[in-house]
């Protein structure tokens, strides 16, 4: 197969448009920084908290509808071992947005946090919050890898570009415009990228659906034709795993820094909530095209295509089914348009993950722990350097696996089992303290490791009821991720109550109370009322910025 010159030229034009938009947005960011009289960190990382609802919907949706989303949904629908019933990511993310908008957006935005980790830092101090930052950084790095991997395999198949060229070129463009303008560049480029994703995917669908090499997907939904029905099946011994996956993606997404970066950048708490609800609808609509492409691929007689027989899943190439379907089931110019959709989706998620990891490290680690006296100039250079490092590390990880779905689910696993219970505890349970959080973190990590994960070769040490031995390997049938999450949350609350009791009753000496548990419990009612009345509260658009309260 020769190099697809027309496709390469089209991709170069697209990258230039995105880069130009990023440069224009960077100028807007510099103007906002000059005019800002408040915390300039909010300008770079949160767009000066002036992202309106329309722009917020675009950037929130574009962040989740990435390359891993598009390729992962198509792969799951096509995979004979899974099917549509296991590919509910669009619905799960929609529920995640609704859940996040209903319960998380308002309290986070009204407290004017810079990152998702700020409530931990304010309540637990620097050492413990620094430990809690690590899984948040890991999630974002895995997300960068997942999105770039999906674009690399797509471009290498359709354009016949070397895989490493595709990946590093895309990563470089995303790194450059993220460096230039921070959230302003990310948000405004998301408008172009999401528009292209929507138009391109829906333009490809009719050509995929009417190709003569595939049967009507209604015939193959429940009937065995070229492979198992693409609707999939849910047998009794996999019900708990299905529930586990559903909860992991539906709840775990709320503990992504990328989600909170968009709500915290909104012009008000009301705008933040409405943005979440609108994005829930948008992400469902954008999940339909990859579902249809995966269903058509499962209904195709691949022997009639240039790809030949056996089909992709027999060759172990089910992860590549979307680009393969575009290449062999559509005209060349349509496959190029499909590449544009994947590229736009990848860029929109990659830049978000880059900025997300950068925000957590630069604000919660560097500025609040390592260098509290850092100047604006120094802090800006730290942000730029972190963007580059995260981009390089994330890009390098794409060479370790060929499954975007694997990286996607692994990141969601870490978010759900380790970050989500801590976020719920610190925001909604006043009794939570540093002792409970520390023990909960240790227990959560230990339990999750002991329960194992076959997809990455982590052996099962602690088999739960229903665990079976298959081909010499223990396979868990129980909802291991949810069990780990509940163990962690329960431990946080239980040990927080225990240490509150011990210090309040004087059983433990006050000199050991490094998290000030006793003083928190004995806070006078009048002081508590005064503190609540002086907490920042924003119900109007465009309020003046306030510096973030730092941990003592």
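Considering each of 189, 233, 238 in turn, give the residue that is within 20 Å of residue 391 (Cβ to Cβ) and either assigned by TED's automatic domain parsing to the domain that holds residue 338 or surrounded by 15 or more Cβ atoms within 10 Å (Cβ to Cβ) (or both).
Working: 233 fails: within 20 Å of residue 391 (Cβ to Cβ); 238 fails: within 20 Å of residue 391 (Cβ to Cβ).
Answer to the selection: 189.
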Exactly one of 415, 352, 396 is buried (at least 24 other Cβ atoms within 10 Å of the Cβ), in a helix (DSSP H, G or I), touching a helix residue (DSSP H, G or I) at 6+ places or on another chain (Cβ under 9 Å) and at pLDDT below 90, and that one is 352
When the stretch 415-433 is checked residue by residue, the ones that are in contact (Cβ under 8 Å) with a residue 12 or more places away in the chain and farther than 14 Å from residue 254 by Cβ are 429, 431, 432, 433
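Within the stretch 169-185, does at least one residue satisfy the condition of being within 15 Å of the chain's Cα centre (by Cα) and in the same structural domain as residue 15 (by TED's automatic domain parsing)? Can you show your working first?
Going through the stretch 169-185, the residues within 15 Å of the chain's Cα centre (by Cα) turn out to be none.
Scanning the stretch 169-185, I find no residue that is within 15 Å of the chain's Cα centre (by Cα) and in the same structural domain as residue 15 (by TED's automatic domain parsing), so the answer is no.
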Checked the stretch 477-512 for anything farther than 24 Å from residue 424 by Cβ and without any contact (Cβ under 8 Å) to a residue 40 or more places away in the chain; matches are 505, 506, 507, 508, 509, 510, 511, 512
Discussion item. Given the condition farther than 24 Å from residue 141 by Cα and in the same structural domain as residue 144 (by TED's automatic domain parsing), answer yes or no: does some residue in the stretch 339-353 qualify?
Written reply: no
All-but-one check, residue 320 against (1) in contact with a helix residue (DSSP H, G or I) (Cβ under 7 Å, 6 or more places away or on another chain); (2) more than 23 Å from residue 4 (Cα to Cα); (3) assigned to a helix (DSSP H, G or I), failing number (2)
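With respect to residue 308, determine if the residue is in contact with a helix residue (DSSP H, G or I) (Cβ under 7 Å, 6 or more places away or on another chain) and at positive phi. Steps first, please.
Values: in contact with a helix residue (DSSP H, G or I) (Cβ under 7 Å, 6 or more places away or on another chain): yes; at positive phi: yes.
So residue 308 fits the description; yes.
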Given the conditions (1) touching a helix residue (DSSP H, G or I) at 6+ places or on another chain (Cβ under 8 Å); (2) in the same structural domain as residue 249 (by TED's automatic domain parsing); (3) within 30 Å of residue 512 (Cβ to Cβ), every one holds for residue 423 apart from (2)
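Evaluate the stretch 89-109: report whether one residue or more is in the same structural domain as residue 365 (by TED's automatic domain parsing), in a helix (DSSP H, G or I), touching a strand residue (DSSP E or B) at 6+ places or on another chain (Cβ under 7 Å) and in contact (Cβ under 8 Å) with a residue 12 or more places away in the chain.
Looking only at the stretch 89-109, we keep the residues that are in the same structural domain as residue 365 (by TED's automatic domain parsing), and these are 89-109.
With in a helix (DSSP H, G or I) added as a condition, the list becomes 89-103, 105-109.
Now narrow it down to the ones that are touching a strand residue (DSSP E or B) at 6+ places or on another chain (Cβ under 7 Å): 109.
Those still in the list that are in contact (Cβ under 8 Å) with a residue 12 or more places away in the chain too: 109.
Yes, the stretch 89-109 contains a residue that is in the same structural domain as residue 365 (by TED's automatic domain parsing), in a helix (DSSP H, G or I), touching a strand residue (DSSP E or B) at 6+ places or on another chain (Cβ under 7 Å) and in contact (Cβ under 8 Å) with a residue 12 or more places away in the chain.
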The residue from 482, 401, 432 that alone is assigned to a loop (DSSP other than H, G, I, E, B), surrounded by fewer than 21 Cβ atoms within 10 Å (Cβ to Cβ) and out of contact with any strand residue (DSSP E or B) (no Cβ under 7 Å at 6 or more places or on another chain) is 401
Please indicate, with yes or no, whether at least one residue in the stretch 449-464 is surrounded by 15 or more Cβ atoms within 10 Å (Cβ to Cβ), farther than 28 Å from residue 317 by Cβ and in contact with a strand residue (DSSP E or B) (Cβ under 8 Å, 6 or more places away or on another chain). yes
Is there a residue being crowded, with 24+ Cβ neighbours inside 10 Å, modelled with pLDDT of 90 or more and farther than 16 Å from residue 259 by Cα anywhere in the stretch 61-74? yes
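The values are calculated or read from the model by the stated rules, or taken from the named source; none is laboratory data. Just so you know, these numbers come straight off a predicted model, no measurement behind them. For neighbour counting, all protein chains shown are included, and Cβ atoms are generated from backbone atoms with ideal geometry for every residue, glycine included.
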